[in-house]
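The values are calculated or read from the model by the stated rules, or taken from the named source; none is laboratory data. Since we're looking at a predicted model, the values are computed, not measured. FYI the Cβ positions are ideal-geometry reconstructions off the backbone, even for glycines, and counts take in every protein chain you see. The area values use the complete protein model at the heavy-atom level, side chains included, leaving out ligands, DNA and RNA. Shrake-Rupley method; radii C 1.70, N 1.55, O 1.52, S 1.80 Å.
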Amino acid sequence: MLGLSEFPQPADMAGAARLTRRAQSLNMLSFFISSLFKWNFSAVIAEGMAPPKRILFPPEKICMVWQQRQSAGAGLLNVGNTCFLNAVLQCLTYTPPLANYLLSREHSQACHQQGFCMMCIMETHVNKVLHSSVNAILPLAVLKVFRRIGEHFQLGREEDAHDFLCCTVNAMQTACLSASSE
């Protein structure tokens, strides 16, 4: 006869369900990334899509894994309700295809943009974080242009990480598009 302790308890079942959902999410992410490696740009165009007017970064140059072995870089200091900003910067810093490009400094070497360029700022930030010998840094380059990333943001006020991510990626895309039109 089985004792009560041998049956899954409700808390254990909920934990198992969470682990199953996480595993499914990881499998989906893994499938998505592996499908990117097999992406055939010319096949997409052949299926009736118009070719892009400009290619900002050729798909064959995108490396989905770290090109250099990276250890964890410096953490980011919180200067009063900047947790959302730090979380977004950490996610972008540790996204291999983006980090590989920013670590190459390819953008800043070709950038002729006057004033605010989010790609140059991110390039400075990622290189500072990943090449730093200290435990934590102040993300000063990003804090200086905080309001330019999204004019509705205010330092010291709690902000939404998703909103900040969208504005940051939009500012990066705008920088790339304006640089490619020169």
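Taking the Cα centre as origin and putting +1 on Lys and Arg beta-carbons and -1 on Asp and Glu beta-carbons, what dipole magnitude results for the range 89-156, to the nearest 20 debye?
Around 140 debye, computed over the range 89-156.
Go through the range 54-124 and name the trypsin sites (Lys or Arg not before Pro) that are in a DSSP coil and have 16 or fewer other Cβ atoms within 10 Å of their Cβ.
Answer in residue order: Arg54, Arg69, Arg105.
Give me the number: length gained by fully extending Thr95 to Arg147, i.e. 0.36 nm times residue separation minus the C-alpha to C-alpha distance, one decimal in nm.
Computed gain between Thr95 and Arg147 is 16.3 nm.
Grab the Cα-Cα distance for Ala136 and Lys53, subtract it from 0.36 nm times how many residues apart they are, and report the gain in nm with one decimal.
Gain on stretching Ala136 to Lys53: 25.7 nm.
Probe radius 1.4 Å, ligands and nucleic acids left out: which of Ser133, Ser104 has the largest accessible area, and how do the rest follow?
Final ranking, largest accessible area leading: Ser133, Ser104.
In square angstrom, rounded to the nearest 10, how much accessible surface does Cys63 have for a 1.4 Å probe?
In the full protein context, Cys63 sits at about 40 Å².
Ranked from the most accessible area to the least, with a 1.4 Å probe and all protein chains present, what is the order of Ile55, Ile62, Ile137?
Largest to smallest exposure gives the sequence Ile55, Ile62, Ile137.
List the residues, sorted by chain then number, that are 5 or more residues from Glu159 or on another chain and whose placed amide H is less than 5 Å from its amide H.
Here Phe84 satisfy the definition.
If a/c stays under 1.5 just call it rounded; otherwise compare a/b with b/c (prolate if a/b is bigger, oblate if not). Do that for the range 92-180, with a ≥ b ≥ c from the square roots of the Cα gyration tensor eigenvalues.
oblate
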